[in-house]
Structure formats: C-alpha cells, structure tokens
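Below: one structure, written as structure tokens.
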Amino acid sequence: MDWHITTAVWLVRIGGQAYKRKWYFLGLSIFVFLGTVFVLWKLDVLPSVPRTSTLSLASTAVIATSSAPILGIEEPLKITIPAINLSASIANPTTTSIEVLDGFLLNGAVRYPTSASLGEIGNVVLFGHSSYLPIVGNQAYKTFDGIQKLVAGDVITVYSTDAVYTYRVRSVSKESAASDAGIPLAIAGRELTLVTCNSFATKTDRFIVVADLVGSRLISG
C-alpha cells in the first residue's frame, strides 16, 4: 500500500512542477514545431497546395452548354485569359505576307489568315509577341507573355462583335523554332491554338497552347 501512496505523491509533484512550467513547455513545443516545418521546407518535402482550376461557376455554366449549336462564323476581335491576366486585341489580316503580319503584331495578337474563324470547323491560330524585358516601349511586345504557364483546364475567352467563345486548354508545349513541325489547320473539331516565341526578336523556342471550344453565347446588350 505504501508504494501506491509514494507513487501518487510523486505524480502530484511532477504534475505541479509541469503546471508551474507550462509556458516553458508551450514555448518549447512551438519551437520544435516551427523548426520541423522549416527543415521540411528546406528539404522541399512539404505538401504543396494544388492549383485550383480557373473554371469559375460562370465558366462551368458555359461548358455545360457545349452541345449548343455554334452561333455562326465570325472573326475574333479580342482574347482574355484570366489565369495569367492576359487581355489583347486580335487583328484579322487577309494576306500571309510576313511584312504585313509583322506590322499587325505591333498592335496585339494576330489570327493567321488561312486558319479557321470562330465557330468554323478547324483550328483558329492566334500568334503574338512575348518579351520578358522589364521595360518595353510597345506593350504589344508582351501580348502573349506567360501563356507557357497555362495548365490543362484553364479557360480562354475569345470575343467577336456579337458573341463570346469559350475554350478550355488541353495542352501546353515547347518546341524548337528550328523544328519543321507545323500546326494543323484542317482538323475535324473546333480548336484554338496560341503561338509565341519564348523571347522577342530571337529565333529560339516557341510555346504552343492548344484549347478546345466548349461553348459560345451571344453578348447580352
């Protein structure tokens, strides 16, 4: 029986001492926790937060109506990509002359003349400059900055005069500018392809984003 009493007295003393030093133990626990998190961060083994899809409720509603009939065949006039804060006008030249196309590129994005129009079966090909210089005199040199950061599922919106066409990114790739691989224009579906070089005024690599049409709607007046 004496050992029971002795044990109880010892536990009470230990509990009393722990209570008196509660702030010490709390601080020690916080220090150990933060130290562990720091070590895991340095080792790059902390769980990462997955990037959420840019499909908002509004864009989901558009996608849900992807089986709706296409409104018509129209020229693209503007493109927006919320995921990378991109907004640019689109020119629609009627010639493939390099000099003419280069001139239009000084004002924004350009639809390649022989590619499809909005709503048409085929591939709508848009290209624009990219420049990652901190300061540029003409902001059109940054028209397609950041398209290589897009991921599958990101939403691209293209506007005509009277309608909105919504596309969803399928793939993002990087190709050598020296590659002979072309961009198919005659395809069975309705696609959008964005093309830009990875740096302005140099022929190195190019980024290519391919997206599928998921819906269209009239612009409410």
Gained length - N92 relative to T161, 0.36 nm times residue gap less alpha-carbon distance: 23.5 nm
Need one number: nm distance between label points at L106 and D212, each 7 Å from Cα along Cα→Cβ, rounded to one decimal. 4.0
Classify the range 135-196: rounded, prolate or oblate, from the alpha-carbon gyration tensor (a ≥ b ≥ c, eigenvalue square roots; a/c under 1.5 rounded; otherwise prolate if a/b is larger than b/c)? oblate
If I stretch the segment between T80 and N138 completely, what's the gain in nm (0.36 nm per residue apart, minus their alpha carbon distance), one decimal? 19.0 nm
Cα gyration tensor of the range 75-123, axes a ≥ b ≥ c as square roots of the eigenvalues: rounded (a/c below 1.5), prolate (a/b > b/c) or oblate? oblate
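As a footprinting exposure proxy, order K174, K78, K142 by other Cβ within 10 Å, with the fewest listed first.
K174, K78, K142
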Which distance in nm do the two modelled labels at I121 and S171 give, with both placed 7 Å along the Cα-to-Cβ direction? 2.2
Fewest-first ranking of R217, R206, R111, using other Cβ atoms within 10 Å as the exposure measure: R217, R206, R111
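Read-outs throughout are calculated quantities, based only on the coordinates presented, and are distinct from any laboratory measurement. Note that the structure is predicted; figures quoted are calculated from it, not measured. In this analysis, Cβ positions are derived from the backbone assuming ideal geometry, glycine residues included, and neighbour counts consider all displayed protein chains.
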